[in-house]
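Below is one structure; the comments refer to it alone.
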Amino acid sequence: MSMKKKMLLTILALLAMGLVHGATITVTQPSSGTVTMGSPVQIMWTAVDVASNVRILLRRPGGALVDTLATGLAASPGLYNWTVAAPAVVGETYKVHVRAVDGSAEGESAPFSVSGGGDVNPPFLSLDAPHGGENWEIGSTQAITWTALNITENCRLILLKNEQILGTIRDSFAPGQGGGSWDWIVGNYAGGPAPAVSGYKVRIQTVSGAMIYSAQSAAPFTITPKPII
């Protein structure tokens, strides 16, 4: 084989390695703390340049596999609802591990412990829309939706851009029991309006209380400009 061909193959191999090594998975929830046996928990992650599906594993902090929680999930928008159950054990510590099926990337959560709870109806809060990937025209009316179970404190809706808080969309309202909805004039917030670009998320969060409950869009959405007529 000529030197020129060898150099070309080497360059192609390095490029391929760069593509694989450029893929990342970051697990953002559960964060460090405690989850309750029998209660729902949102597993959330962000995936960059991951082409394959992912699987979710429950591991000991040292890496030992405990259980496969899910497999064949799309890498994005990065959300899976897990009800804490056996083989997890009350009083033990675990991590959630999200791994690309093709092995290109993996990430793990902070360690968390499992409590016995005793609360028959534990609080639960999720932000259902915008979930991520939407293209919402600025000035149009779109429904922000959520699920709230046994949340007794008032909540607020917050607009984020690139994970930074821009301002409040709606302040201090009762989230209700079950599914909730708010008609948002896209882009409007206290201090707005937001420009028509990408990278936005919406967060729902309790206003006060001994424990703050919070949930947000699993992935960014885009505010698009009004069409030119």
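The values are calculated or read from the model by the stated rules, or taken from the named source; none is laboratory data. Every value quoted in this text rests on a predicted model; they were computed, and no experiment measured them. Because the Cβ atoms are built from the backbone with ideal geometry, glycine has one as well, and the counts that use them run over all protein chains shown. Side chains are part of the model used for accessible areas, which takes the heavy atoms of the whole protein and leaves out ligands, DNA and RNA. Shrake-Rupley method; radii C 1.70, N 1.55, O 1.52, S 1.80 Å.
The apolar share of the surface of segment 167-229, taken as the fraction of accessible area on carbon and sulfur atoms (1.4 Å probe, ligands and nucleic acids excluded), comes to 58 percent. In this structure T152 has an accessible area near 130 Å², from a 1.4 Å probe over the protein heavy atoms. Based on alpha carbons, the Rg and Dmax found for segment 44-91 are 12.2, 37 Å. A Gaussian network model of the chain, with springs between Cα atoms under 10 Å, assigns the largest mean-square fluctuation among F124, F173, F112 to F173.
Build a GNM of the chain with springs between Cα atoms under 10 Å apart, and of I158, I43, I212 the one that fluctuates most is I212. With R₀ fixed at 30 Å, the C-beta to C-beta distance from D171 to T26 puts the FRET efficiency at about 0.50. What does a probe at T93 reach in segment 44-68, counting residues whose amide N is under 12 Å from the point 7 Å along Cα→Cβ? Counting backbone N atoms under 12 Å from the label point, the list is 60-63. For S140, neighbours were defined as the other residues whose beta-carbon sits under 15 Å from its Cβ, and their charges (Lys and Arg +1, Asp and Glu -1) total -2.
The share of alpha-carbon pairs in the chain lying farther apart than 30 Å comes to 36%. Pairwise Cα distances in segment 105-229 exceed 21 Å for 44 percent of all pairs.
With 0.36 nm allotted per residue and the present C-alpha distance subtracted, the I228-N81 stretch has 48.9 nm of extension available. Please build a GNM for the chain, connecting alpha carbons under 10 Å apart, and tell me which residue among I144, I165, I25 fluctuates the most. With Cα springs under 10 Å in the chain, the top fluctuation among I144, I165, I25 is at I165. Assuming a strict under-29 Å limit between Cα atoms, what lysine pair count do you get for the chain once near-sequence pairs (fewer than 8 apart, same chain) are dropped? Taking the chain as the scope, the lysine pair count is 5.
Centre-to-centre separation between the Cα atoms of segment 82-152 and those of segment 183-212: 19 Å.
Counted by Cβ distance under 13 Å from V98, the other residues give a net charge of +2, where Lys and Arg count +1 and Asp and Glu count -1. Were the residues from T71 through I185 laid out at 0.36 nm apart, the gain over their Cα-Cα distance would be 37.3 nm. Sorted largest first by accessible area at a 1.4 angstrom probe radius, with every protein chain in place, the residues I151, I185 fall in the order I185, I151.
For A70, nonlocal amide neighbours, meaning residues 5 or more places apart or on other chains whose placed amide H falls under 5 Å from its own, are I56. The residue list G192, I228, N150 was ranked by how far each Cα lies along the charge dipole of the chain toward its positive end, using unit charges on Cβ atoms, and I228 comes out on top. Take the chain and mark each of the GluC sites (Glu not before Pro) that is in a DSSP loop with at most 15 other Cβ atoms within 10 Å; the longest unmarked stretch, sites excluded, is 1-91.
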